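In what follows, a single structure is set out as structure tokens and then discussed.
The values are calculated or read from the model by the stated rules, or taken from the named source; none is laboratory data. Not measured: the values here are computed from a predicted model. Cβ placement follows ideal geometry from the backbone for every residue including glycine, while neighbour counts extend to all protein chains displayed.
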Amino acid sequence: MKKKVFGGGGEKGARGRMKSDSPFELKSSEVKYENPWICVREDKVVRPDGKDGVFGVVTMVDGVTVLPIDEEGNVYLAREYKYAVESDTIEAISGGIDEGEQPVDAARRELKEETGFGAGEMIPLGFVDPFTTVVKSRNWCFLARGLRGGETRLDGGEVVEIVKMPFARAVEMAMSGEVSHGASVAVILRAERYLSGRSQKETRTDYLIS
């Protein structure tokens, strides 16, 4: 799997280079740490009140989160130990987008790698920006239908147990906090709305991707 590699070196003296609608004036920006998956930088700014301020920004590889559902209404989630939270979590199928890869192609690849499934239909359900003050890492959500079996292709750093359950149980877990991964909660609840037939009437669609 190819990973996005962030540009190296600390950047300073980037005064004023922010989007035109930002209320902050950028004085300088410096990369403090980076690896192939994340980049941590420190931005010194002038705040809207005219005082100096500082932001720490973590830019991560964008990702996808996929909820596979079969013809009987069962979904397949992944139980895996997550290093940062130091515990097992139950999540929808998730992973990073390779450099040059489209989100829908990444969703199909991650689904195949973790579950062995192919999907006849990959339905886009928008995206999630997980922690908008600090983290820049868009996560695209998909509902996978028309599942076809196959073999998993996990990488050496993954120990994943696939958990099959009724979709209604997954919704309960998203609501109760048993599923705590933000993009997984989003894709489960958006899928419930979509499958209930209300999505086209009640939900914005301008943020969806084809």
Subject >> In region 39-65, the residues that are farther than 25 Å from residue 96 by Cβ, part of a loop (DSSP other than H, G, I, E, B) and touching a Phe, Trp or Tyr at 6+ places or on another chain (Cβ under 6 Å) >> reply: none
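Residue 172: part of a loop (DSSP other than H, G, I, E, B), farther than 17 Å from residue 85 by Cβ and either at pLDDT 95 or above or in the same structural domain as residue 83 (by TED's automatic domain parsing) (or both), yes or no?
On the way: part of a loop (DSSP other than H, G, I, E, B): no; farther than 17 Å from residue 85 by Cβ: yes; either at pLDDT 95 or above or in the same structural domain as residue 83 (by TED's automatic domain parsing) (or both): yes.
Criteria not met by residue 172.
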Original post:
When you go through 94, 28, 87 one by one, which is the residue that is free of Cβ contacts under 8 Å to residues at least 40 places away in the same chain, among the polar types (S, T, N, Q) and touching an Asp or Glu at 6+ places or on another chain (Cβ under 9 Å)?
Top reply: 28
Original post:
Being surrounded by fewer than 17 Cβ atoms within 10 Å (Cβ to Cβ), β-branched (Val, Ile, Thr), modelled with pLDDT under 95 and assigned to a strand (DSSP E or B), is that true of even one residue in region 23-38?
Top reply: yes
